1. Just need a number here: residues in the stretch 408-421 that are within 12 Å of E348 (Cβ to Cβ) and surrounded by 14 or more Cβ atoms within 10 Å (Cβ to Cβ).
2. Restricting the search to the stretch 1-60, which residues are among the small types (G, A, S) and farther than 30 Å from F457 by Cβ?
3. Could you tell me which residue of the stretch 427-452 is nearest to G24 (Cα to Cα), considering only residues that are in a loop (DSSP other than H, G, I, E, B) and in contact with an Asp or Glu (Cβ under 9 Å, 6 or more places away or on another chain)?
4. Given the criterion surrounded by fewer than 24 Cβ atoms within 10 Å (Cβ to Cβ), touching a strand residue (DSSP E or B) at 6+ places or on another chain (Cβ under 6 Å) and either part of a loop (DSSP other than H, G, I, E, B) or hydrophobic (A, V, I, L, M, F, W, C) (or both), identify the matching residue among V134, V107.
5. Restricting attention to the stretch 324-350, report how many residues are closer than 20 Å to G79 by Cβ and over 24 Å from the mean Cα position of the chain (by Cα).
6. The conditions are (1) in contact (Cβ under 8 Å) with a residue 60 or more places away in the chain; (2) within 16 Å of ligand 2 (Cβ to nearest atom); (3) under 22 Å from C170 (Cα atoms), and V234 fails exactly one of them. Which is it?
7. Inside the stretch 1-101, counting only strands (runs of 3 or more DSSP E) that do not spill past its ends, which hold 1 or more residues that are in contact with a helix residue (DSSP H, G or I) (Cβ under 8 Å, 6 or more places away or on another chain) and among the aliphatic types (A, V, I, L, M)?
Amino acid sequence: VEFDLVVRGGTVVTSGDTARCDIGVRDGRIVALGERLGEGAREIDVTGRLVLPGGVDAHCHMDQPQGPGLRMADDFESGTRSAACGGTTTVIPFAAQAKGKSLREAVEDYHRRAAGKASVDYAFHMIVTDPTPVVLNEELPELVSQGCTSFKIYMTYDDLKLQDRQILDCLAVARREGALTMIHAENADCIAWLTQALEAAGLTAPKYHATARPPVVEREATHRALSLAELVDVPILIVHVSGADAIEQIGWAQARGLKIHAETCPQYITLTAQDMDLEGFEGAKLICSPPPRDEASHEAVWRGLESGLFQVFSSDHAPFRYDDVEGKKFAGEQACFHCVPNGIPGLETRLAILFSEGVMKGRIDLNRFVSLTSSGPARLYGLYPRKGTIAVGADADLAIWDADHRWTVTNDKLHHAVDYTPYEGMELQGRVMTTILRGEVVWDGGLFHGQAGNGRFLPRDRPCPRGE
Ligand code: URP
Ligand code: ZN
Ligand code: ZN
Ligand code: ZN
């Protein structure tokens, strides 16, 4: 036989092309594309199906150490299992520095957490919370040269946020090292001030989380981040952009010729702040930051997805259980929204939601879908063309879609360790029927076939040119 695997008769879609062809795989890589390829030791007939590059989820959290009394439900085993079952073959979660601690140790610790557990391939972003001279001048350059070529910084959360001066220091290192800086843009003082006023007025229900973080709070921080990047003359990426106000700033900066990249997430095309107005404390299930906005923002996000203003569509999977003895979103009926850990699960539903709401409803085409969910993040974060495309030489990571399959999202169908999904009851059209990682089937026929430990760490290229 000529190949280890032949995927035969499908419609192959990349960010640039759509074509009927067979895919020949040897040693985990694509070695041939064409019509009527020779025999494979294994053959998969995908006539009538779409064959897309496996998804790259460039923003998801798993097994990230939390403060006392709180724990993420997904470790690398359940997190990557859930990814595979949703068509995602590469994840980039976060190795987070704790204030006063070493960044290098955070990355080493994270390698130990992933090893032997991951069933899809993975890379690490870093989170820089304490940019000391040692971190800036020694640890960051060394870690970038070892393939952790992007890092996130926060403008909010007391235990994470950086001052503008510290952000400038980080951006200068990113410029020198050719790394990409991801920025969480929300104004911390505005949020603290609004939260205090809401609490004093007794407005503590989960829905007030959104009142405490209105669009102007994100807009101001987004503009400030763009300005700091302009000052240092370095590309940045604004993560989890929620709506019209922040989008307007990003469009303005891109039109000025600044190298500004942007990411959005499923929650910002599906959920609204009003949806958080639920019985009891249930609204906590939708608490994420920035919060979901409104229908007008959904429309603005769709325009940005269609136009190319956004290059990345990630889940921002943050696996906190609603009810659990080991830390949860349910803080008690009378608790204040600000006690609830931020973030919602979505690794497994990310692709299906964008496919159904975007491609099936005619808002974006299939090639744009691939670009946003796979090739865009692979390019931006230094994984392309090994990941993010279907081409000779690329890893044989494939998601085989049935575009006609209609299904309803329910948490019991998902494979994460979270006890709810914010998308419960959502009706979708289109589903990944089979996921292939480096030529091995990891999801098929409604069953997970992956193997903890088969996922490999991916050292990444430098995303940006190095400046002096
Ligand atoms: O609310 C969110 N998004 N939590 C996850 C952490 C982050 O800021 O991305
Ligand atoms: Zn964030
Ligand atoms: Zn909507
Ligand atoms: Zn996040």
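Where a number appears in this text, it was derived from the coordinates with a stated rule and is not lab data. No experiment lies behind these values; they were computed from the predicted model shown. In this analysis, Cβ positions are derived from the backbone assuming ideal geometry, glycine residues included, and neighbour counts consider all displayed protein chains.
1. 8
2. If we filter the stretch 1-60 for residues that are among the small types (G, A, S), which is where we start, we get 9-10, 15-16, 19, 24, 28, 32, 34, 38, 40-41, 48, 54-55, 58.
Scanning the stretch 1-60 gives G9, A19, G34, G38, G48.
3. Step one: of the stretch 427-452, the residues in a loop (DSSP other than H, G, I, E, B) are 438-439, 445-446, 449-452.
Now restrict to residues that are in contact with an Asp or Glu (Cβ under 9 Å, 6 or more places away or on another chain): 438-439, 449-452.
Details: R438: 12, G439: 9, H449: 21, G450: 21, Q451: 23, A452: 25 Å.
Step by step, filter the stretch 427-452, then rank; the result is G439.
4. Working: V134 fails: touching a strand residue (DSSP E or B) at 6+ places or on another chain (Cβ under 6 Å).
On inspection, the qualifying residue turns out to be V107.
5. Applying the first criterion (closer than 20 Å to G79 by Cβ) to the stretch 324-350 yields 324, 326-329, 341-350.
Keeping just the survivors that are over 24 Å from the mean Cα position of the chain (by Cα) gives 324, 326.
Of the residues in the stretch 324-350, 2 are closer than 20 Å to G79 by Cβ and over 24 Å from the mean Cα position of the chain (by Cα).
6. For V234, the failing item is (2).
7. 11-13, 50-53, 55-57, 88-91, 94-96
Yes or no, residue by residue, for (1) polar (S, T, N, Q); (2) within 16 Å of ligand 3 (Cβ to nearest atom); (3) in contact with a strand residue (DSSP E or B) (Cβ under 7 Å, 6 or more places away or on another chain):
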site	(1), (2), (3)
W302	no, yes, no
G308	no, no, no
S315	yes, no, yes
G332	no, no, no
C336	no, no, no
V340	no, no, no
I344	no, no, no
R350	no, no, yes
